[in-house]
Amino acid sequence: MCVGLKEKYADASIYVSVTGVASQPLPGSGYEIDKETGQVYVAIWFGAFYQFQTVLKPSSQIDERNEIRDLAVEFIIEKILELIEN
């Protein structure tokens with residue numbers, strides 16, 4: 001995904017793609033997940049290609065999906081700042 005962004009939008013300085021498991025599938029959906037809820041994979045292009053993965057743990061299960069999304073954004077911003085500062 002990150003490489004595709006770089007090809008399509010050549011003028012950007014930073015490219016980010018993310019995928020992962022924000023919640024378990026709905027019962028009866030027939031969809032199965034073999035990864036842990038909160039598993040996130042991030043690719044960042046900033047002069048070179050960087051890959052990260054982590055498991056994000058929500059503080060509650062009430063709004064688990066949105067909390068994992070918020071934690072993923074925080075994780076991505078943290079990684080971008082680390083790359084920029086180094």
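Summary of computed values
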| item | result |
| --- | --- |
| Any hit, the stretch 34-47, residues being among the small types (Gly, Ala, Ser), on the phi > 0 side of the Ramachandran plot and touching a Leu at 6+ places or on another chain (Cβ under 7 Å) | yes |
| Residue within the stretch 44-64 that is part of a helix (DSSP H, G or I) and either exposed (fewer than 13 other Cβ atoms within 10 Å of the Cβ) or among the acidic types (Asp, Glu) (or both) present | yes |
| Hits in the stretch 1-26 - residues which are under 22 Å from Leu83 (Cα atoms) and without any contact (Cβ under 8 Å) to a residue 24 or more places away in the chain | Gly4, Glu7, Tyr9, Ala10, Asp11, Ala12, Thr19 |
| The one condition in (1) touching a strand residue (DSSP E or B) at 6+ places or on another chain (Cβ under 9 Å); (2) exposed (fewer than 11 other Cβ atoms within 10 Å of the Cβ) that Val40 fails to fulfil | (2) |
| Residue in the stretch 19-37 that is exposed (fewer than 15 other Cβ atoms within 10 Å of the Cβ), farther than 17 Å from Met1 by Cβ and within 12 Å of the chain's Cα centre (by Cα) present | no |
| Extreme residue, modelled with the lowest pLDDT, among residues of the stretch 14-43 that are assigned to a loop (DSSP other than H, G, I, E, B) and touching a Phe, Trp or Tyr at 6+ places or on another chain (Cβ under 7 Å) | Pro25 |
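The values are calculated or read from the model by the stated rules, or taken from the named source; none is laboratory data. These numbers were taken from a predicted model, which means no experiment stands behind them. Neighbour counts run over all protein chains shown; Cβ positions are idealised from the backbone, glycine included.
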